[in-house]
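Take a look at the structure below.
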Amino acid sequence: MNAAPALLGYAAAVGVLAPRVMLRGGWPHRAPVLAAAVWFALAASFSVCVSLAALHLATPGAHLHGILYSCGAALGVGPPDADAVRRLTVVVSVAVPAAHAAAFAYHLLRARTARTRHRKILDKVGRPSARLGATVLDHATPTAYCLPGHGARIVVSSGAVALLSDAQIAAVVEHERVHVAGRHHLLLAAARSFAVVFRGVPLARQVGEQIPLLLEMAADDGALHVHPQQTLVTAMFEMASAGTVPKGALSAGGRTVHVRLRRILAPARRTHPAFRAVVAGSAILMPLMPLLVACPPGLA
């Protein structure tokens, strides 16, 4: 039995229905790291499924070839060339991981080039501050961001230094340290590459939108482990009007501040440990599900 129809059905469920389920749940904002892992697991599962479906389409004598022949006959189109279909599907199966790798490398290198260029500017106009643990940049708009990767740098504008207290600046800097330590720029590049490769698929669109937000929430949680909630909240509120940051940088301010503030100020609700364990286990197994669909136990 050819597994291509089942794989395509599974891909449709993961690509269209799974994002709706994720967005309806309230738990992702309470456990942003776990939610990010689930989004990436869905993305990996979808990619593997598409590649396997293409390989099964290339299988000689597959039932799906008969379906294609019948559809072609009904539409007055000649029968498909089996060799051409086989070559095309094999190319697609190889192109999916290759496109992922190329898109990931492109976004990574592009952001790295932008960060390197900005570091050179900071070396000329920035003022390193050992007290703040950051580089101070003369700019009236209160803003703070980090340049992750090799030679990581945390930047705070002079406007932020004038507006915030030392405790508030320390909380903002800690937020950026979490980004750097967690290598969040790599996760952002992976999310953007998936969104580009499968542009138009609801899952890809949501991965591209949700991962940046969840990483900001994770950085907020990291800062809250070190600093009082009120300190971080007031700093975020003051930084809500922060302008754009350089390409490749991660910012404590920006357009997601209001969503993150509502999350922090909402009544504390923790996800149950059993629920977290089940979700984490599901995230680990999800990329393997296409393999079970393609080769169910007992049907080898």
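The numbers here are math on the coordinates, done by the rules we state, and not lab data. Here the structure is a predicted model, which is why all the values come from computation and not from measurement. We place every Cβ from the backbone using ideal geometry, glycine too, and count neighbours over all the protein chains shown.
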Seminar exercise, completed: Burial-style ranking of 97-106, 137-146, average other-beta-carbon count within 10 Å with highest first, yields 137-146, 97-106
For this session: Calculate one ³J(HN,Hα) per residue across the stretch 258-268 by plugging θ = phi - 60° into the Karplus curve 6.51 cos²θ - 1.76 cosθ + 1.60, and present them in order as whole Hz with x for glycine and proline.
Result: 5, 5, 5, 5, 4, 5, 5, 7, 5, x, 4
Exercise. Given the alpha-carbon gyration tensor of the stretch 157-236, what are the semi-axes of its equivalent ellipsoid in whole angstrom, ordered largest first, with each equal to the square root of 5 times an eigenvalue?
Worked result: 30, 12, 11
Problem set entry | For VAL136, residues with placed amide H under 5 Å, excluding near neighbours | ARG127, SER129, VAL156
Problem set entry | the stretch 100-189, Cα convex hull volume normalised per residue, Å³ | 91 Å³
Problem set entry | Extension gain (nm, one decimal) between THR116 and VAL94, 0.36 nm per residue minus Cα-Cα | 4.6 nm
Exercise. Of all DSSP beta bridges located in the stretch 4-294, what percent are antiparallel, nearest 5?
Worked result: 75 percent
Exercise. For a paramagnetic label modelled at 7 Å from the Cα of ALA162 toward its Cβ, which residues of the stretch 122-145 fall within the zone defined by backbone nitrogen distances under 14 Å?
Worked result: 137-143
Exercise. Dimensions of the stretch 4-294 along principal axes (Cα, Å, largest first)?
Worked result: 74, 45, 28
Problem set entry | Prolate/oblate/rounded call for the stretch 105-248, Cα gyration tensor, a/c under 1.5 rounded | oblate
For this session: Counting residues in the stretch 158-199 as N, plug N into 2.2 N^0.38 Å and put the Cα Rg over that result.
Result: 1.71
Exercise. Residue-wise, which Karplus ³J(HN,Hα) couplings in Hz belong to the stretch 22-35, taking 6.51 cos²θ - 1.76 cosθ + 1.60, θ = phi - 60°, and x for glycine or proline?
Worked result: 4, 6, 7, x, x, 6, x, 6, 7, 9, x, 5, 5, 5
